[in-house]
Amino acid sequence: MPARLRIEIYRQDCLVYADDIAGPIELGRQQHAREMLFSSQPGESADRLVIAPMEERTVSRRHLLVEPLPLGRLRITNLTSRGTVHLGDQSMQPGAAHELPMPSKLAVGNYRIHFLAAPSPGDEISPGVVPSTQSSASRLLLPPLSLTDSSSIPSVDLARLGPHQSESMVTWLQALIKLLQRATDSDDFFKNAIHAVVNLFRLDTGRVLLYDKKQGWRTAAEHAQTLPGGRPSPRVPSNRLLQRMRDQKKTVTRQGAGISDQRESLEGLEAVVVSPIFGRDGEVIGALYGDRLRAAGSLAAAEITRADVLLMETLACGVGAGLARLEQQRAAIEAQIRFEQFFTPELAKQLALDPNLLDGRDNEVTLLFCDIRGFSGIVENIASRRGAAVVMDWINDVFGRLSECVLNHDGVLVDYVGDEMIAMWGAPAFQANHAQLACKAAMDIWRLMPEISRHWLNEIGTETRLGIGLNSGLARVGNIGTRRKFKYGALGEAVNICSRVQGATKHLQAGILITDETRSRLDGNFATRRLGLARMVNIKTPVVLHELCADPPPDWPERRRGYDEALHEFERQQAQKAVALLHELLRAFPDDRPAAVLLRRAEALLGHAGAYCHVYDVPR
């Protein structure tokens, strides 16, 4: 039998939708303006849930099919024709389907979707049947406990209590433990809590109430026992009793003759009990509220005793502890969701557990700047021919796929600035091989570009081309955003140099450029060649640049050797020898663009020995 499934949808770190499903459901954006957001409606082959407005281009009209499976699993199918679905550290291509365990989570555009196993219908706390019409709690007669001094907690001799009392105590404690164990979802938690209150204390109706200073009291859950005449509706809580409980910060009861005050609208009741739920700061944040009808037949119970009050307060403390646990879980989930926008899932979990890793500090890192060539012209062309929506689809797809390359090699996504993506390795978690990881990611990006370019060629009318620059060095890392907008990144000259190196790829005609600082941290498994010294705007010292070849051809050693010889002569101010060597190199390899650039530089310096300079000034 397929498991019931709970779906939670987060956007910009906020939970925007949560519900349980028992059958297949299709997720997508509005197909027309009449469809309501976060509404479920019949679809062609499954129920359909609208999770995004029509203008949300990161979500397709038919994006995902979610199917609960037996044994706590689910099947996800990508219904899109072009978009990818991100499952943690892997991607699901259009038309693909995957089976996942629960809990699981995935990313769809700007949304994070969590899948949890939902509790089965009727799965609630059942404290058992106590063979007595007298309140089981009132028969335990436990003395008050001081939790500040463990030596003051008395021992309990279950044998002296008698079989029924011992069984009642153990049953009560089991119910409390089960309640705390289920503090995973606020709705179910409150429902289980009020069931426990009503059943354990032989009340007829009960509520979990939460208090807000601005809005006052609201009902989080309510429950009523089934009586011979049917289930009574929970009565409106007494504001006077609630206020007294808040003022005194302790349980308040009214019963018997003391309940005759007509101003409190307690007519028809035999007893009322109100216990405070405390927050972390000791303030009242809620209440357990229960009452007993005066003519409740065989379910009527004796008066509420001191023992009942103690156990009711213990249960309220358990609810308060459960709420604190829920708050911590929500904060951890929100932090993890926020972190997963920039970090790998594994690092996001680590940061959620140890946020101190995000503190500002000086760290050795490797940075990557990746720029789309001819971006402004392409955008203008697409917008005039196809519209802004195609522009957004193109950008989202390109940067989405490039980002996967970064995350696949444990990098941090720092930012997207117009036509540029910035990534980093070496922080917040230490990575001894940060330069190697960054270069592997850069090579994966370069290998991916032909496929991306072919995919979008008809849509945008031109190739999609990139320039990639990398640099390693000391930088100040931490939150370079604000309290309102988190952005983990780096500041310092190492960052500025990396940006300039990416810009130099245009002028040196190299797809991937790395600095000498990065090259020195690589092993012999990377195909590189030194292109020479470059002077960059606002960088005092010239930088040694190397070309990184993602897929070196079989003749790469010959190309590198020929270029090295020509560069050596060029730097020795032997421009004529350099020109001869470069002509020879280009006859063998006419597609060697960096060699063609060096040839033009060498030819320009022939006969200008007095003004000879082998350092290349990279234009702004």
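The values are calculated or read from the model by the stated rules, or taken from the named source; none is laboratory data. What you are looking at is a predicted structure, and each value in this text was computed from that prediction instead of being measured. Cβ: placed from backbone, ideal geometry, glycine included. Neighbour counts: every protein chain shown. For accessibility, only protein heavy atoms count, side chains too; no ligands or nucleic acids. Shrake-Rupley method; radii C 1.70, N 1.55, O 1.52, S 1.80 Å.
Return the residue satisfying two criteria in turn: it lies in segment 4-57 and is among the basic types (K, R) and either closer than 21 Å to L69 by Cβ or in contact with a helix residue (DSSP H, G or I) (Cβ under 7 Å, 6 or more places away or on another chain) (or both), and of such residues it is modelled with the highest pLDDT. This residue is R48.
As a summary of the residue check, R601 satisfies the conditions (1) part of a helix (DSSP H, G or I); (2) modelled with pLDDT of 95 or more except for the one numbered (2). When the residues of segment 191-220 are filtered to those that are over 30 Å from the mean Cα position of the chain (by Cα), part of a helix (DSSP H, G or I) and under 18 Å from F278 (Cα atoms), the one that is modelled with the highest pLDDT is I194.
Considering (1) within 21 Å of I422 (Cα to Cα); (2) open to solvent by less than 40 Å² (accessible area, probe 1.4 Å), say which one D516 fails and leave the rest. Exception for D516: condition (2).
Step by step: first the residues of segment 77-105, then only those that are in contact (Cβ under 8 Å) with a residue 60 or more places away in the chain and more than 24 Å from M392 (Cβ to Cβ), then the one that is most open to solvent (accessible area, probe 1.4 Å). Which residue is that? Explain how you work it out, then say what you get.
Let us first name the residues in segment 77-105 that are in contact (Cβ under 8 Å) with a residue 60 or more places away in the chain, namely 82-84, 86, 88-89, 91, 102.
Now restrict to residues that are more than 24 Å from M392 (Cβ to Cβ): 88-89, 102.
On the way: G88: 41, D89: 90, M102: 34 Å².
Restricting to residues being in contact (Cβ under 8 Å) with a residue 60 or more places away in the chain and more than 24 Å from M392 (Cβ to Cβ), the top hit is D89.
Return the total of residues in segment 474-498 being outside any loop (DSSP other than H, G, I, E, B) and either in contact with a Lys or Arg (Cβ under 8 Å, 6 or more places away or on another chain) or surrounded by 20 or more Cβ atoms within 10 Å (Cβ to Cβ) (or both).
Step one: list which residues in segment 474-498 are outside any loop (DSSP other than H, G, I, E, B), which gives 474-479, 488-491, 493-498.
Checking the rest, the ones that are also either in contact with a Lys or Arg (Cβ under 8 Å, 6 or more places away or on another chain) or surrounded by 20 or more Cβ atoms within 10 Å (Cβ to Cβ) (or both) come to 475-479, 488-491, 494-495, 497-498.
Looking only at that region, the number is 13.
Please go through segment 522-536 and pick out each residue that is of a type in the set (D, E, K, R) and surrounded by fewer than 19 Cβ atoms within 10 Å (Cβ to Cβ). Before the answer, list the steps.
Within segment 522-536, the first condition is being of a type in the set (D, E, K, R), and the residues that meet it are 523, 529-530, 535.
D523, R530, R535, listed by residue number.
Here P594, P619 are screened, and the one residue that is open to solvent by less than 20 Å² (accessible area, probe 1.4 Å) and within 29 Å of S499 (Cβ to Cβ) is P594.
Every listed requirement among (1) under 24 Å from R57 (Cα atoms); (2) surrounded by 15 or more Cβ atoms within 10 Å (Cβ to Cβ); (3) of a type outside the set (S, T, N, Q) is met by L74 save one, (1).
Test of understanding: among D419, D397, which residue is under 23 Å from the mean Cα position of the chain (by Cα), of a type outside the set (S, T, Y) and buried (at least 17 other Cβ atoms within 10 Å of the Cβ)?
Matching residue, one of D419, D397: D397.
Criterion first (buried (at least 20 other Cβ atoms within 10 Å of the Cβ), modelled with pLDDT of 95 or more and in contact with a Cys (Cβ under 7 Å, 6 or more places away or on another chain)) does A441 satisfy it? So A441 fits the description; yes. Listed conditions (1) part of a helix (DSSP H, G or I); (2) of a type outside the set (S, T, N, Q); (3) crowded, with 16+ Cβ neighbours inside 10 Å are all met by P557, apart from (3).
The condition of being open to solvent by less than 70 Å² (accessible area, probe 1.4 Å) and not aliphatic (A, V, I, L, M) does not hold for D551. Within the span defined as segment 363-380, one or more residues are modelled with pLDDT of 85 or more, out of contact with any Asp or Glu (no Cβ under 6 Å at 6 or more places or on another chain), crowded, with 18+ Cβ neighbours inside 10 Å and assigned to a helix (DSSP H, G or I).
Put simply, of K577, K506 the only residue that is part of a helix (DSSP H, G or I) and within 16 Å of D617 (Cα to Cα) is K506. State whether the residues of segment 78-86 include one that is touching a helix residue (DSSP H, G or I) at 6+ places or on another chain (Cβ under 8 Å), among the β-branched types (V, I, T) and either in a loop (DSSP other than H, G, I, E, B) or farther than 17 Å from R401 by Cα (or both). Scanning segment 78-86, I find at least one residue that is touching a helix residue (DSSP H, G or I) at 6+ places or on another chain (Cβ under 8 Å), among the β-branched types (V, I, T) and either in a loop (DSSP other than H, G, I, E, B) or farther than 17 Å from R401 by Cα (or both), so the answer is yes.
When only residues in segment 49-71 that are touching a residue at least 60 places away in the same chain (Cβ under 8 Å) and assigned to a loop (DSSP other than H, G, I, E, B) count, which is most open to solvent (accessible area, probe 1.4 Å)? Reasoning before the result, please.
First pass over segment 49-71, keeping only residues touching a residue at least 60 places away in the same chain (Cβ under 8 Å): 51, 57-58, 66-71.
Retained after the next criterion (residues that are assigned to a loop (DSSP other than H, G, I, E, B)): 57-58, 70-71.
Details: R57: 91, T58: 37, P70: 62, L71: 166 Å².
The extreme case among them is L71.
For the condition at pLDDT 80 or above and either within 17 Å of C317 (Cα to Cα) or touching a Gly at 6+ places or on another chain (Cβ under 7 Å) (or both), V272 does not qualify.
Any idea how many residues of segment 561-598 are free of Cβ contacts under 8 Å to residues at least 24 places away in the same chain and under 14 Å from L508 (Cα atoms)?
Going through segment 561-598, the residues free of Cβ contacts under 8 Å to residues at least 24 places away in the same chain turn out to be 561, 565, 568-569, 572, 574, 577, 580-584, 586-587, 590-591.
Next cut, under 14 Å from L508 (Cα atoms) only: 591.
Going through segment 561-598 one residue at a time, the tally reaches 1.
Close Cβ contacts (under 8 Å, 6 or more residues apart or on different chains) running from residues in segment 445-471 that are open to solvent by 80 Å² or more (accessible area, probe 1.4 Å) to residues that are small (G, A, S) comprise W446/G511; W446/A550; R447/A550; E463/S453; R465/G374; R465/S453. Selection within segment 564-620: residues that are in contact with a strand residue (DSSP E or B) (Cβ under 8 Å, 6 or more places away or on another chain) and among the aromatic types (F, W, Y). The member of this set that is nearest to P553 (Cα to Cα) is F570. Selection of segment 58-86 for residues being modelled with pLDDT of 85 or more and among the basic types (K, R) yields R61, R62, R73, R75. Among the residues of segment 381-391, the ones that are surrounded by 15 or more Cβ atoms within 10 Å (Cβ to Cβ) and in contact (Cβ under 8 Å) with a residue 60 or more places away in the chain come to 4 in all.
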